[in-house]
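Below is one structure; the comments refer to it alone.
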Amino acid sequence: MYRQILKLLSIITFTALLLSGCTSSPDIVVIDHSPQKEKAAYETDYTIYLITMDLADDFWRSIDTGCRQAVEEIGYIDYHWIGPDVNEDEPQRQCIEQAINEGADAILLAASSPWGVNESLEKAQKAGVKIIYVDNAAQFEHVAFLATDNEKAGMVAGETMQKALSDAGITSGTIGISANKSNVTSTELRIKGFREAFENTEFKLDDTFFMEDNDQSLKDFAAEHFEYVAFFGSNERTARNIGEQLQFSGSNQIVVGFDTSDAVLTLLYNGVLYATLQQNPQRMGHDGIKIAVESLRGEYNETNVRIDTGVTVLDKNSI
């Protein structure tokens with residue numbers, strides 16, 4: 001009865017939530033009610049939402065792809081991918097509350113910050129919604145958190161850059177480090193691991209440059225620091241922007257990045273990026289949906305589980 005009331009309320013609140021900045025990916029409902037597909041032992045349809053930091057990043061699209069794969073395998077899931085127009089707490093809170101109002105049984109969430117959406121997550125918990133984090137977690141209890149071991153991955157990125165510098169005969173100099181926002185746990189941990197890799201070396205690591213969703217600001221930063229020997233882009237967007245700027249200027253500074261969008265892989269293939277670290281976002285989405293369903297069925301009873309989805313170093317010879 002509670003969920004029926006919530007679904008009725010969603011009709012009233014839907015227009016207001018749209019105006020708040022929470023948007024949906026096109027063609028996001030992946031549900032097969034055809035009579036040919038048998039329900040096996042389970043007769044219950046589940047409504048599951050993926051809520052990401054925004055809808056623009058290729059990384060989120062890869063998580064969505066993994067979710068869709070699991071939905072196709074399991075069947076009888078009403079699946080939606082939504083997210084804010086910009087990576088900020090308030091619009092993501094509204095997305096979470098939209099999912100609650102529309103009767104979500106489970107939410108896969110890439111949290112916008114550690115604490116900023118906890119009030120909405122508490123509402124979800126009270127409504128009986130299962131919470132599974134993908135890529136970035138909030139500081140709120142959950143079923144599982146599927147993500148790269150980001151500190152370890154950052155250290156691998158640092159070691160990869162050290163090899164590149166050594167191969168180029170560079171033994172000292174300043175390295176630029178960049179991230180999109182300052183309150184994203186995943187990139188904070190990558191940068192922490194990256195800095196640890198350079199401890200007790202002759203290299204100086206500059207303060208982290210946060211581009212705050214302003215692509216041009218990072219390109220300007222890279223252009224202004226031609227004296228740096230290398231740059232580390234801690235996610236897809238920073239790696240892409242640094243690479244594009246260095247390609248434009250013809251610089252041969254070393255760049256190690258993160259993630260594998262078409263743009264990043266093109267820069268890697270063209271030799272602009274020395275390497276990029278490939279996460280496994282499809283596994284995050286795929287296994288996140290499976291765990292959500294198993295939890296709803298009472299087959300998965302663990303809580304606050306951390307699952308490392310792995311990372312691989314790609315260079316030009318790997319693609």
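Taken over region 183-228, the criterion of being among the β-branched types (Val, Ile, Thr), in a loop (DSSP other than H, G, I, E, B) and surrounded by fewer than 20 Cβ atoms within 10 Å (Cβ to Cβ) is satisfied by 201, 208. Could you figure out which of (1) under 19 Å from the mean Cα position of the chain (by Cα); (2) modelled with pLDDT of 95 or more; (3) outside the structural domain of residue 66 (by TED's automatic domain parsing) isn't true of residue 244? Going through (1) under 19 Å from the mean Cα position of the chain (by Cα); (2) modelled with pLDDT of 95 or more; (3) outside the structural domain of residue 66 (by TED's automatic domain parsing) one by one, residue 244 breaks only (1). The single residue among 121, 108 that is part of a strand (DSSP E or B) and crowded, with 21+ Cβ neighbours inside 10 Å turns out to be 108. Here is a check on your reading of the model: is residue 156 in contact with a helix residue (DSSP H, G or I) (Cβ under 9 Å, 6 or more places away or on another chain), at pLDDT 95 or above and farther than 30 Å from residue 78 by Cβ? In short, yes.
Filtered by the rule that a residue be over 17 Å from residue 22 (Cα atoms) and free of Cβ contacts under 8 Å to residues at least 40 places away in the same chain, region 99-117 gives a lone residue, 115.
Of the residues making up region 153-164, those that are touching a residue at least 60 places away in the same chain (Cβ under 8 Å) and surrounded by fewer than 23 Cβ atoms within 10 Å (Cβ to Cβ) are 156, 160, 164.
Would you mind stating whether residue 209 is touching a residue at least 24 places away in the same chain (Cβ under 8 Å) and over 21 Å from the mean Cα position of the chain (by Cα)? No: the conditions fail for residue 209. For region 85-105, taking the residues that are out of contact with any helix residue (DSSP H, G or I) (no Cβ under 6 Å at 6 or more places or on another chain) and hydrophobic (A, V, I, L, M, F, W, C), the one that is surrounded by the fewest Cβ atoms within 10 Å (Cβ to Cβ) is identified as 86.
The values are calculated or read from the model by the stated rules, or taken from the named source; none is laboratory data. Just so we're clear, the structure is a prediction, and the values are computed from it rather than from any experiment. Cβ sites come from the backbone with ideal geometry, for glycine too, and all protein chains shown count toward neighbours.
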